[in-house]
Amino acid sequence: SLEVRAVTETCGETGNNSSSQNNSSDRKVLSSCSPVSSGTLTSGVARVNLDAAGSSASKLVIYSSTLGEPDALLATSDEVTITNTTEEAIAYTFSGAEQIAITSGTTYWVGIHYTDPGVPSVQVSRANTANLLRSGSDTYSNGPANPCSCAVASNGAADIYFEYTVAGGVASTV
């Protein structure tokens with residue numbers, strides 16, 4: 001018989017790079033990626049931690065790209081509280097209407113939006129290639145700004161990616 005299996009692919013930086021972006025304010029940090037297939041957004045991962053004891057509410061965000069810069073907000077994940085003080089790959093889920101269609105070859109900006117943790121800083125793991133990261137102050141309680149307003153360019157890319165289920169899956173004989 002023929003069985004169709006769901007296939008999950010990623011878009012973004014799945015590695016664990018050795019630099020970090022540190023901030024102690026409500027902020028967004030994003031990098032761009034282009035998926036190789038089309039499908040439906042399901043989840044994502046950010047390599048992140050606090051540099052001292054505390055907590056920070058966070059969500060993954062997906063933005064469109066216009067002229068190579070993050071623009072319109074497309075999706076926001078469910079909230080996850082960051083409390084870990086050593087770097088971890090934190091999983092996020094996109095629920096309901098936030099499970100948007102992902103289009104092959106389209107550039108997206110994926111990132112994390114988080115609250116000011118107080119005394120500690122949020123550390124987002126990243127690469128150290130010039131100008132691959134965009135960030136900006138963004139009041140968390142108001143939700144992610146739309147459009148992005150992420151004018152600060154710095155070294156990256158952030159170790160953040162989203163996962164999507166490929167349209168149609170893969171057929172195999174059982």
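Numbers below:
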| item | result |
| --- | --- |
| Qualifying position, being free of Cβ contacts under 8 Å to residues at least 40 places away in the same chain, farther than 19 Å from LEU41 by Cβ and surrounded by fewer than 17 Cβ atoms within 10 Å (Cβ to Cβ), among GLY68, GLY118 | GLY68 |
| Any pair with Cβ under 9 angstrom, 6 or more apart, that starts in the range 156-171 at a residue that is more than 27 Å from LEU132 (Cβ to Cβ) and ends at one that is in a strand (DSSP E or B) and modelled with pLDDT of 95 or more | ALA167/GLY39; ALA167/THR40; ALA167/ALA101; ALA167/ILE102; GLY168/GLY39 |
| Top-ranked residue in the range 29-43 [being within 20 Å of ALA89 (Cα to Cα) and touching a Ser or Thr at 6+ places or on another chain (Cβ under 6 Å); ranked as surrounded by the most Cβ atoms within 10 Å (Cβ to Cβ)] | VAL29 |
| Test: residue in the range 139-156 that is within 22 Å of GLU9 (Cβ to Cβ) and of a type in the set (A, V, I, L, M, F, W, C) | no |
| Some residue of the range 146-161 being open to solvent by 30 Å² or more (accessible area, probe 1.4 Å), more than 25 Å from ALA89 (Cβ to Cβ), among the polar types (S, T, N, Q) and at pLDDT below 95 | yes |
| Meets criteria (closer than 18 Å to TYR161 by Cβ, open to solvent by 10 Å² or more (accessible area, probe 1.4 Å) and among the small types (Gly, Ala, Ser)) for SER125 | no |
| Matching residues, the range 128-144, being assigned to a strand (DSSP E or B) and surrounded by 19 or more Cβ atoms within 10 Å (Cβ to Cβ) | LEU133, ARG134, SER135 |
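Here is a yes/no grid of residues against (1) assigned to a strand (DSSP E or B); (2) closer than 17 Å to SER149 by Cβ:
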site	(1), (2)
SER32	yes, yes
THR40	yes, no
ALA52	no, no
TYR63	yes, yes
ALA89	yes, no
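Yes/no matrix, rows are residues, columns are (1) more than 21 Å from ASN142 (Cβ to Cβ); (2) at pLDDT 95 or above:
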site	(1), (2)
THR14	yes, yes
SER18	yes, no
LEU50	yes, yes
LEU73	no, yes
THR81	no, yes
ALA91	yes, yes
GLY105	yes, yes
TYR114	no, yes
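The values are calculated or read from the model by the stated rules, or taken from the named source; none is laboratory data. This is a predicted model, so every value here is computed, not measured. Neighbour counts run over all protein chains shown; Cβ positions are idealised from the backbone, glycine included. Side chains included, ligands, DNA and RNA excluded: accessible areas come from the protein's heavy atoms. Shrake-Rupley method; radii C 1.70, N 1.55, O 1.52, S 1.80 Å.
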